[in-house]
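To start, the structure itself, in structure tokens.
The values are calculated or read from the model by the stated rules, or taken from the named source; none is laboratory data. Keep in mind it's a predicted model, so treat the numbers as computed, not measured. Reconstructed Cβ throughout: ideal geometry from the backbone, glycine too, with neighbour counts over all protein chains shown.
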Amino acid sequence: MQWVIGIDIGGTNCVVGAVAADGSRVVGDHSQPTGAARGADGVIGDVLTMAERTTASVRAADPGAEIIGVGAGAPGPLDIHRGIVILTPNLGWTNVPLRAILAEGLGLATALENDANCAVQAECWVGAAQRGKYVIGLTLGTGIGGGIVIGGTLYHGASDAAGEFGHMVIDIDGPLCGCGNHGCLEAFASGVNIARRARELLAAAGPSQLRDLARGDLTRVTAELVYEAAARGDPLAQQVADDTARYLGIGVANLLNIFNPDTVVILGGVIHAGDALFAPLRREVAARAFQPAVDACTIIPGALGGLAGVYGAAKAFLDQRAAGLI
């Protein structure tokens, strides 16, 4: 069987796995934390080590395995034609020739793609959005990324910068974003910033189930913990969840009015909140977007979880090879 090494470099973790070329399964997935303090060299060194372990895993699982290449997803903006990570606001990388480094280190043809594009494309390939023709995806993690897939093909724009939905401004007087602008959607509704808003409220609040779940340590507050506390009826956590639905609803309604998609797929750990996230989000979108756009669109959670980026990175290699880009 043919396999592709899929590498997903995120703002918090890197995940590496071997993906069957038909998208049927992943073998040997490994993960390590990232973080700006590690620098590009440290993170890429870990990625190369995980890729070597993944190669050994897939050869053990499939003695006849043919590893045909590598796909890597990284935060952007990128230059996918030259294989360069131009800037990563949450990691602090600038002008890193990632494709060349990985290709040399692993001895395999390598493709580079935006990490959010990878995750969204994966959902269109083998995940929740397979039936969509006009698909918008948002990834809610350390930041907010996005992707646009039309008829199965990623839309990159004139300079590979399309889909940076996390950096649409929804409040000109809003908080500072990692990109240097103020009031971006990411600054309000990424997983990191959901937790930040909760911590700010907790610092001035009295007893709270959210505080109890965090064992009194505000640094332990995460977006997932916020939704858990909201499900238990904690008013402060519910306020944060309601505000998040409003911020996301503004952003998604803008996207419906601009792109008129048939599917919006939301990815990231916060989707495990289920209806606590999606019900108010859908209501907010319905109240803000044009009705024909709302009627035509389904807003759904992703299905591939933490492996979406790995699947999508492999798909990026297959697509770029077919297009003659590598």
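What to note about this one:
- Residue match in the range 103-124 (condition: acidic (Asp, Glu) and in contact with a Pro (Cβ under 8 Å, 6 or more places away or on another chain)): yes
- Inspection of the range 158-170 identifies at least one residue that is part of a strand (DSSP E or B), at pLDDT 95 or above and on the phi < 0 side of the Ramachandran plot.
- The residues in the range 95-117 that are in a strand (DSSP E or B) and either under 19 Å from residue 166 (Cβ atoms) or aromatic (Phe, Trp, Tyr) (or both) can be counted, and the count is 2.
- Taking helices (runs of 4 or more DSSP H) as the structural unit, those lying wholly within the range 216-326 and holding at least 3 residues that are in contact with a Gly (Cβ under 8 Å, 6 or more places away or on another chain) and under 19 Å from residue 131 (Cβ atoms) correspond to 308-322.
- Only one of 269, 274, 216 that is under 24 Å from residue 183 (Cα atoms), surrounded by fewer than 23 Cβ atoms within 10 Å (Cβ to Cβ), at pLDDT below 95 and not hydrophobic (A, V, I, L, M, F, W, C): 269
- If the condition is being among the hydrophobic types (A, V, I, L, M, F, W, C), in contact (Cβ under 8 Å) with a residue 60 or more places away in the chain, buried (at least 21 other Cβ atoms within 10 Å of the Cβ) and not in a helix (DSSP H, G or I), then the range 171-188 contributes only 177.
- Of note, residue 191 does not satisfy the criterion of being buried (at least 17 other Cβ atoms within 10 Å of the Cβ) and in the same structural domain as residue 87 (by TED's automatic domain parsing).
- Of all residues in the range 192-208, those satisfying the criterion of being touching an Asp or Glu at 6+ places or on another chain (Cβ under 8 Å) and in a helix (DSSP H, G or I) are 193, 197.
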